[in-house]
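Laboratory data are not the source of any read-out in this text; all were calculated from the coordinates shown. Every value quoted in this text rests on a predicted model; they were computed, and no experiment measured them. With ideal geometry, Cβ positions are generated from the backbone for all residues, glycine too; neighbour counts draw on all protein chains shown.
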DNA sequence: CGGATTTCTTAGCGTTTGTTAACGAATTGC
DNA sequence: GCAATTCGTTAACAAACGCTAAGAAATCCG
């Protein structure tokens with residue numbers, strides 16, 4: 001089964017007839033390291049399923065500093081929800097951290113499928129609900145836990161890919177702290193674990 | 001037009017026939033000050049539209065401390081998305097800050113309408129997307145701005161109801177700082193505005 | 001209206017974080 | 001493979017925050 005069809009299948013089943021129009025709009029796309037799929041300030045009317053590789057979502061602040069807030073790996077659907085829905089320029093960029101392979105399609109195509117096939121409308125609802133639950137959990141964690149507790153929570157979570165494959169400075173940003181601070185948090189941990197005696 | 005129908009109408013139009021089954025499932029509900037609509041640890045299978053009053057959404061931590069993360073006012077739809085979608089106990093409580101009037105209905109009814117009327121399915125998608133954009137913006141603000149900057153952003157925003165009608169300790173929690181800290185931030189502001197000469 | 005509760009502010013102290021800078025290690029890319 | 005870049009850690013200092021406590025102000029409610 002096509003990876004995108006498999007992705008959708010986790011939410012709703014698609015018949016051949018339902019899958020065909022989406023399949024017809026797909027395009028393969030490769031990104032080199034540091035190449036961008038979405039660029040801050042530009043409209044981003046395409047969605048992409050990551051086939052292989054890893055990307056980061058980041059904001060460039062007025063002072064030029066970058067803040068990374070999310071990561072995408074294999075079988076993650078990525079894009080600027082905000083830009084696709086509103087048509088406005090994207091407020092963030094998405095950049096490949098390593099050479100990355102994508103299947104892309106225009107959001108406009110998905111919107112047309114929402115109108116034509118009830119099963120896609122349902123997929124759209126379930127997808128938005130799924131992301132809403134994830135974003136809510138993340139928001140709650142930021143409001144409820146300290147930076148150190150957030151790092152512990154990440155260690156205990158199943159998001160091991162983030163810790164294994166992402167440079168620590170970006171993980172720090174994801175946790176809402178500076179790289180220096182995360183380094184200190186880790187140092188505190190080690191001196192406690194392998195502490196006196 | 002019924003307030004709930006007007007709420008839905010901001011997303012999709014409803015015919016009389018489509019509105020009728022939802023209208024049949026509605027119940028009026030009053031909350032006294034500090035009374036809870038959703039209780040942490042219990043299933044919360046109902047949604048509610050606030051007709052008048054104000055509520056806060058808060059988490060009670062293991063140590064007994066409360067953290068308020070959201071507010072609801074007139075014409076806000078509230079409930080535990082997570083509990084409704086998963087059937088699990090709610091991870092937070094929702095409590096009236098002042099005497100509050102609600103119209104409530106079971107989420108199960110909405111789920112049935114998703115199946116029976118495409119217009120409700122679309123409403124469900126648009127509603128989830130709308131909330132996702134809001135939650136994403138909030139998450140971004142927490143990751144990009146300092147506590148002081150977040151307070152400034154709230155001052156400049158159109159969420160004036162929060163500042164006008166919510167006790168400051170809860171606003172502090174919403175911003176991700178302690179009440180003492182918010183008080184200091186405000187004091188710093190005043191001494192800068194009306195500073196030396 | 002008036003006592004009781006809740007809320008906001010201020011202060012002092014300890015801890016954590018942010019910032020800048022420097023150094024060594026690891027990775028990248030030609 | 002080697003030069004160049006990126007990355008992680010540590011240090012030192014200043015600033016901000018969390019915590020506790022106490023008093024003043026505002027609000028609630030009988």
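Scanning region B:31-79 for residues that are assigned to a loop (DSSP other than H, G, I, E, B) and either facing another protein chain (nearest Cβ under 10 Å) or in contact with a helix residue (DSSP H, G or I) (Cβ under 8 Å, 6 or more places away or on another chain) (or both) gives B:44, B:45, B:54, B:61, B:65, B:73, B:75, B:79. In region B:117-132, the condition of being assigned to a helix (DSSP H, G or I), away from chain A (no Cβ under 12 Å) and over 21 Å from the mean Cα position of the chain (by Cα) is met by no residue.
Residue pairs whose Cβ atoms lie under 7 Å apart, sitting 6 or more positions apart in sequence or on different chains, and linking a residue in region B:129-155 that is within 20 Å of residue A:132 (Cβ to Cβ) and touching a residue at least 12 places away in the same chain (Cβ under 8 Å) to a partner that is within 16 Å of DNA strand C (Cβ to nearest atom) and in a helix (DSSP H, G or I), are B:141/B:150; B:142/A:142. Would it be correct to say that residue B:140 is within 21 Å of the chain's Cα centre (by Cα), within 16 Å of DNA strand C (Cβ to nearest atom) and within 11 Å of chain A (Cβ to nearest Cβ)? Yes, satisfied.
Under the condition of being more than 9 Å from DNA strand C (Cβ to nearest atom) and over 15 Å from the mean Cα position of the chain (by Cα), the residues counted in region A:164-187 number 5.
One residue alone among A:101, A:121 is away from DNA strand C (no atom under 14 Å from the Cβ) and touching a strand residue (DSSP E or B) at 6+ places or on another chain (Cβ under 7 Å), and that residue is A:101.
Whenever a residue of region A:29-49 is free of Cβ contacts under 8 Å to residues at least 60 places away in the same chain, its partners that are within 16 Å of DNA strand C (Cβ to nearest atom), lying with C-beta atoms within less than 6 angstrom and at least six residues away or across chains, give the pairs A:40/A:60.
Here is the figure for region B:142-192: residues that are crowded, with 16+ Cβ neighbours inside 10 Å and part of a helix (DSSP H, G or I) total 17.
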